[in-house]
1. Could you give the dipole magnitude of segment 14-135 about its Cα centre, charging the beta-carbon of Lys and Arg +1 and that of Asp and Glu -1, in debye to the nearest 20?
2. At 0.36 nm per residue, and after removing the present C-alpha to C-alpha distance, how many nm does the segment from THR158 to ASP138 gain when stretched out fully?
3. Please list HIS310, HIS80 from largest to smallest accessible area, probe radius 1.4 Å, with all protein chains kept in place.
4. Hey, got a sec? Which trypsin sites (Lys or Arg not before Pro) in segment 241-324 land in a DSSP loop and have at most 15 other Cβ atoms within 10 Å?
5. Report which label in (i) 66, 46, 39; (ii) 66, 42, 40; (iii) 161, 37, 37 holds the value of Cα extents along the principal axes in Å derived from the coordinates of this structure.
6. Provide PHE280, PHE255 ordered by accessible surface of protein heavy atoms (probe 1.4 Å), highest first.
7. With viscosity set to 1.002 mPa s at 20 °C, what whole-number translational diffusion coefficient in µm²/s follows for segment 281-358 from Stokes-Einstein and a Kirkwood radius over Cα pairs?
8. Which whole-number value in Å² is the accessible area per residue of the chain, probe 1.4 Å?
Amino acid sequence: MDPNPDDYRGIYVLVDAPAGRLSDLSARVLGVARALADSSGAPVTALLPDAVATTDNAGEAATEAIAYGADTVLLLADPHLVAENAPAVAAAVATLAAARKPAVLMLADSPAARAIAPRLAQRLGGGLVSAAEPTGLDLDAGNSLAATRREWSGRLLTTYVQPSARPQIVTVRVAGTARPYADDWRSGSTESADLSAVAWPDPALTPQPISDANPPATFSTPHSDEPAVIGVARRLRGARCLVVGGRGMGSAAGFARVQQLAAALGGEWAATGGAVEAGFAPPEREVSLYGTSVQPEVYIGCGVSGSPQHVVAMQQARTIVAVNSDPTAPIFRWAHYAIVADSTALLDALLAQVGSGT
């Protein structure tokens with residue numbers, strides 16, 4: 001039987017706090033939720049999953065969450081809830097949502113959120129709108145959410161609604177938004193959630209830790225004192241030389257060569273969606289239909305396969321150089337210069353040449 005929409009109310013926001021501090025993306029998505037709540041009158045609840053979260057050791061993160069817009073912080077504490085365990089996080093959040101009936105479940109669009117959100121939709125039998133624009137959200141008096149997203153490199157705006165789905169699940173593209181104001185005078189409450197009813201996924205079927213040479217994607221971008229993320233997108237769009245790494249770089253260590261080559265050439269570095277999902281680069285560096293579109297004088301793609309989502313965002317480059325070990329890689333259809341080679345080995349050779357000044 002379909003849920004009764006009138007039984008659902010409020011906005012639940014999934015956040016995280018690496019090293020005890022609210023992550024940058026979490027602060028931004030809470031700001032979006034707060035603005036939506038102020039216009040609709042819905043309360044905002046921040047869900048903070050952690051392996052050992054308690055009202056004592058999560059105090060600073062909870063205080064930050066309230067300052068950025070949460071009315072209530074709900075601590076989800078269990079040893080299953082480590083950052084890379086998307087099935088366990090989805091199981092806990094879905095169980096709480098089924099019991100507490102929020103109208104909206106909101107996540108910051110990130111590699112880990114893209115692993116969690118579809119699982120939530122499947123468990124709750126609801127719909128999912130991914131990569132929605134933060135300024136394109138509207139919650140009406142009936143708690144029905146309209147979410148707008150950009151498609152085809154921003155040339156098309158499409159608004160989606162889920163009239164009968166509850167809760168309504170949405171991931172929001174907040175990487176390019178300004179960090180919201182933290183109101184230290186805001187008041188709110190913190191409580192621990194009862195997770196006794198959660199049916200935890202079989203540990204044998206959940207992701208296992210990866211080696212240091214190939215680290216997993218974390219739940220969200222950690223808190224950072226870097227300049228606003230919006231400046232990264234501006235630099236990518238204005239770059240004359242852009243070196244882009246794909247999942248084919250194989251590891252975070254391999255991807256570091258992309259950054260080194262960009263620095264040596266005086267350009268900028270970026271990543272494909274696959275490389276971002278693999279944890280090699282942060283979301284704000286993604287060049288794709290869902291990230292930043294670029295038009296550099298020179299584009300150098302290393303280990304890039306050439307998915308349509310990536311090609312649509314870089315095909316206006318004046319000169320395209322593509323390096324891939326697979327001679328049938330789709331990226332070669334767009335390349336002015338196609339190099340069939342191991343990307344890591346070739347970048348090592350290029351860096352040696354640049355370093356020697358030849």
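The values are calculated or read from the model by the stated rules, or taken from the named source; none is laboratory data. Nothing here was measured: the structure is a model prediction, and the numbers come from that model. Glycine gets a Cβ as well: all are built from the backbone with ideal geometry, and neighbour counts include every protein chain shown. All accessible areas refer to the heavy atoms of the entire protein, side chains included, with ligands and DNA or RNA removed. Shrake-Rupley method; radii C 1.70, N 1.55, O 1.52, S 1.80 Å.
1. In debye, rounded to 20, segment 14-135 gives about 440.
2. Between THR158 and ASP138, full extension yields 5.9 nm more.
3. I get HIS80, HIS310, largest accessible area first.
4. Loop-located and lightly packed - ARG318.
5. (ii)
6. Result, largest first: PHE280, PHE255.
7. My calculation gives 163 µm²/s for D.
8. Accessible area per residue: 44 Å².
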